[in-house]
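Report on one structure; see the data block that follows.
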């Protein structure tokens, strides 16, 4: 995903990108060679001189990230929202008036990261969501097939599907702190097709555009994310757009690219699973389907751009970033 974003950003003229980068990983693919040490002993610069890597480890990363942010005009933070990582990172730079942050506000990130709080907030505002309880709560008698999740997890982290009796045994194995502090939530398992969609928001949180709906592929046992397909077939787009608009009316602080995970139930009802206040893996599919770079859409703006032009065809992508494009009956590696 980062390589996809980087390639799109480099399509913008006069833009230079500075990244912190784990030394254990190979440099990102920019279709140019890298020159190490040209701007310092723990750095590399691309042959085009438009991308600088600052090699980091767990100890040096915070200082290098802050330094990179302080020297930038625009900042896009890519990080998981659990453990308040993304919220804290955004808060670190949001107070600096000269920096334009391309992320949602810290308060929006923290609302979306807290699955129980978000579900209650959406339900209170009439948004269809999966019924959600803390594991400390008594469960309705008809909740027989259950899904347990970390209260602030990202993706499919730690998710289990358990029969009610197995859930009760699992709950007994938790510490009292895990039960009482909201560390875990429980939901009834519901059948349906898993979908996602990216929406683009302005600097003031108003909705600019809703991109094509994607179908998600999840492991049936672990719920691990396997990838997706864009555009999803046989989707009631107007229904989904209305649902996103209802969410926008009650969740403030969304900016830039925001991902929504949904379930389309067999009766056609669409419910919100969660809101991802950050870039999602689906971006690699969107950029393949787009006729040109999507970089301009990543920056929250006061005025909306013309909607992206989408090519005809279908994009399939894996969680590892492998992409194929189908036009007609021919599959072509992207």
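Every number here is computed from the coordinates shown, using simple stated rules; none is lab data. These numbers come from a predicted model, not from an experiment. As a convention, Cβ positions derive from the backbone with ideal geometry for all residues, glycine included, and neighbour counts pool all protein chains shown.
If you take every DSSP beta bridge fully contained in the chain, what fraction is antiparallel? Give it as a percent rounded to 5. Please list the in-between numbers first.
Values: 54 of 64 bridges.
Roughly 85 percent of the DSSP beta bridges within the chain come out antiparallel.
Angle between the Cα long axis of helix 115-124 and the longest principal axis of the chain, 0 to 90 degrees, nearest 10?
The answer is roughly 70 degrees.
From the Cα trace of region 149-243, what convex hull volume per residue do you get, rounded to a whole Å³? Display every interim value, and only then the final one.
On the way: hull volume 13.4 nm³, N = 95.
Measuring per residue, one finds 141 Å³ for the Cα hull of region 149-243.
Quick one: plug the Kirkwood hydrodynamic radius of region 55-199 (C-alpha pairs) into Stokes-Einstein at 25 °C, 0.890 mPa s, and report D in µm²/s. Show your work: numbers first, answer last.
Details: Rh = 17.6 Å.
Estimated via Stokes-Einstein, D reaches 140 µm²/s.
If you take the square roots of the eigenvalues of the alpha-carbon gyration tensor of region 176-334 and sort them as a ≥ b ≥ c, do you get rounded (a/c under 1.5), prolate (a/b over b/c) or oblate? Don't skip to the answer; put the middle values down first.
Numbers: a/c = 1.68, a/b = 1.18, b/c = 1.42.
Judged from the Cα gyration tensor, region 176-334 comes out oblate (a/c at least 1.5, b/c at or above a/b).
Just rank 3, 91, fewest to most, by other beta-carbon atoms within 10 angstrom.
With the sparsest Cβ surroundings first, the list reads 3, 91.
By average Cβ neighbour count within 10 Å, what is the ranking of 227-240, 201-214, 165-178 from highest down? Write out the running numbers ahead of the final one.
Details: 227-240: 16.1, 201-214: 18.1, 165-178: 12.1.
Put in order of decreasing packing, that is 201-214, 227-240, 165-178.
In whole Å, what are the Cα extents of region 5-76 along the three principal axes, biggest one first?
Taking max minus min along each principal axis of the Cα atoms, region 5-76 gives 33, 25, 20 Å.
Quick check on region 2-72: of the DSSP beta bridges with both residues there, what percent are antiparallel, nearest 5%? Please list the in-between numbers first.
Working: 6 of 13 bridges.
The antiparallel fraction comes to roughly 45 percent.
Need one number: convex hull volume per residue for region 131-188, Cα atoms only, in Å³.
Details: hull volume 4.4 nm³, N = 58.
Cα convex hull per residue, to the nearest whole number: 76 Å³.
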